[in-house]
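Worksheet: the structure to be examined is printed underneath.
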Amino acid sequence: MHPCNLEKEPLGRIFAHTAKLHRDLLRKLAHSNGLEQGQPLALAVIAANEGISQRQLSYKLFITPASATSLLQKLERAGLVERKTDPNDQRAFCIYLTEKGHLTDQQMKAGLKAIENACSQDFSQQELEEFRRLLIKFHNNLYRILNE
């Protein structure tokens, strides 16, 4: 959908296409940092919760424990995370970012900030605040409709 053809499009279609463009940018950023789908968010959650258990990670990522196992195995093979035995429960593991994992997470966060800055470069601070307010309102309406 070319930008000059948007005026007559339904709002839902513009919203969906905008979300797709944003996802495509995030995927490109992830790939440029050697990450696959789901891995950037996992790194961010682990970075914010060093020593998190695999069960807690799967809960925070809204994935099954089996999916978390597969995700962690890939992150371990890439040298981004390490699992250490939980000192309180020898059957469980705590997950930590490696030095490479911290660096990759920082690069992702910098890239995300750059994308946000580029996307909002033509907006005033007041317009950004109004856009955020309206987007939250749109989100909450969708959430309410879905959960009625």
> Which one of the conditions (1) modelled with pLDDT under 95; (2) touching a Lys or Arg at 6+ places or on another chain (Cβ under 6 Å); (3) not charged (D, E, K, R) does THR85 fail to meet, given that it meets all the rest?
Replying inline: (2)
>> Of everything in segment 25-52, what is of a type in the set (S, T, N, Q), open to solvent by less than 50 Å² (accessible area, probe 1.4 Å) and under 15 Å from SER70 (Cβ atoms)? Give them in sequence order.
In response: GLN39
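Can you pull out every residue in segment 53-75 that is open to solvent by less than 70 Å² (accessible area, probe 1.4 Å) and assigned to a helix (DSSP H, G or I)?
GLN54, LEU57, SER58, LEU61, SER67, ALA68, THR69, SER70, LEU71, LEU72, LEU75
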>> Restricting to segment 125-135, and then to whatever is of a type outside the set (Asp, Glu) and open to solvent by 90 Å² or more (accessible area, probe 1.4 Å), can you tell me which residue is nearest to LEU11 (Cα to Cα)?
In response: PHE131
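Could you grab me the full set of residues in segment 86-111 that are assigned to a helix (DSSP H, G or I) and free of Cβ contacts under 8 Å to residues at least 60 places away in the same chain? Before the answer, list the steps.
The initial filter retains those residues of segment 86-111 that are assigned to a helix (DSSP H, G or I), namely 99-111.
The answer is GLU99, LYS100, GLY101, HIS102, LEU103, GLN106, ALA110.
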>> Tally up the residues in segment 105-124 that are at pLDDT 95 or above, exposed (fewer than 12 other Cβ atoms within 10 Å of the Cβ) and over 22 Å from the mean Cα position of the chain (by Cα), please.
In response: 1
> Can THR104 be described as of a type in the set (Val, Ile, Thr) and over 20 Å from VAL45 (Cβ atoms)?
Replying inline: no
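The values are calculated or read from the model by the stated rules, or taken from the named source; none is laboratory data. This one's a predicted model, so the numbers in the text were calculated from it and none came from an experiment. When we count neighbours, we look across all protein chains shown, and the Cβ atoms used for this are built from the backbone with ideal geometry, even at glycine. Accessible surface is based on the protein model in full, side chains and every heavy atom, while ligands, DNA and RNA are left aside. Shrake-Rupley method; radii C 1.70, N 1.55, O 1.52, S 1.80 Å.
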